[in-house]
Amino acid sequence: MIAFLAATLALAAPLAPQRDADITFEGDLKEGKVIDNDWADQSAVACFPGTRFQHFSGNTVFKQFSQAKGKEFIVEVDPADGVDVNMYVMQLGMVDKGSRPPELRAAWRCIALYDASAGQPERVKIGFPNSEMEVVVGIVGATKETTEGAFKVSVWDLSKSE
């Protein structure tokens, strides 16, 4: 049963295009800080429930980019070997543009990923907004002890051809 579940989860992850990413960011968790996660459990954000706060308890680093109306992207965080990070990706409308957790009060969409093992990439597809959005990627240490470790964020614009 566990093998079936793991295989199902792996199939659900979107495949990255077989080309270089359109946007890349590199960083280290030591550039961030631990933040209060109460923002994530608010109904206007709905990123992850309080029962999952422990998966987002290390240092947090934010990266952001613009998403034009109708664009679709794949966002991937790839940590260095042995570094256990989790990720959330938020689409913020013009009203909330520039807001960051823990002060964030609303998000158009927020997707949280916290199942990969240390050193393993996490990837999510973010869909078509009806207007321009700011996309904020939170890269977070998976435990409160995870306060440093290198990572790379890659973003593929799916409207571009291979």
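The values are calculated or read from the model by the stated rules, or taken from the named source; none is laboratory data. All values reported here derive from a predicted model rather than from experimental measurement. With ideal geometry, Cβ positions are generated from the backbone for all residues, glycine too; neighbour counts draw on all protein chains shown.
Test Arg109 against the stated conditions and say whether it is over 22 Å from Leu29 (Cβ atoms), surrounded by fewer than 19 Cβ atoms within 10 Å (Cβ to Cβ) and at pLDDT 90 or above.
So Arg109 passes the test.
Among the residues of the stretch 125-150, how many are crowded, with 21+ Cβ neighbours inside 10 Å and assigned to a strand (DSSP E or B)?
Qualifying residue count for the region: 9.
Quick check on Ser99: is it surrounded by fewer than 21 Cβ atoms within 10 Å (Cβ to Cβ), without any contact (Cβ under 8 Å) to a residue 24 or more places away in the chain and not in a strand (DSSP E or B)?
yes
If you go through the stretch 23-47 one residue at a time, how many are closer than 23 Å to Ala106 by Cβ and either hydroxyl-bearing (Ser, Thr, Tyr) or touching a Ser or Thr at 6+ places or on another chain (Cβ under 6 Å) (or both)?
3
Condition check ((1) among the hydroxyl-bearing types (Ser, Thr, Tyr); (2) outside any loop (DSSP other than H, G, I, E, B); (3) without any contact (Cβ under 8 Å) to a residue 60 or more places away in the chain) across all residues:
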{"residue": "Ala46", "(1), (2), (3)": "no, no, no"}
{"residue": "Lys69", "(1), (2), (3)": "no, no, no"}
{"residue": "Met90", "(1), (2), (3)": "no, yes, yes"}
{"residue": "Ser117", "(1), (2), (3)": "yes, no, yes"}
{"residue": "Arg123", "(1), (2), (3)": "no, yes, no"}
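Condition check: more than 20 Å from Val34 (Cβ to Cβ) and assigned to a strand (DSSP E or B). Does Val75 satisfy that?
When the stated conditions are applied, Val75 passes them.
Six or more apart or on different chains, Cβ under 6 Å: which pairs go from a residue in the stretch 126-139 that's under 14 Å from Val153 (Cα atoms) to one that's polar (S, T, N, Q)? Could you list them?
Sorted first by the residue in the stretch 126-139, then by its partner, the pairs are Val135/Gln67; Val135/Gln91; Val136/Gln64; Gly138/Thr60.
Pairs please, first residue from the stretch 19-33 and farther than 21 Å from Val155 by Cα, second anywhere and surrounded by 13 or more Cβ atoms within 10 Å (Cβ to Cβ), Cβ atoms under 7 Å, 6+ apart in sequence or on different chains.
Lys30/Asn59; Lys30/Thr147; Lys30/Glu148; Lys33/Asn59; Lys33/Thr60
Which members of the stretch 52-78 meet the condition of being farther than 30 Å from Ser159 by Cβ and touching a Leu at 6+ places or on another chain (Cβ under 9 Å)?
Result: Gly58, Asn59.
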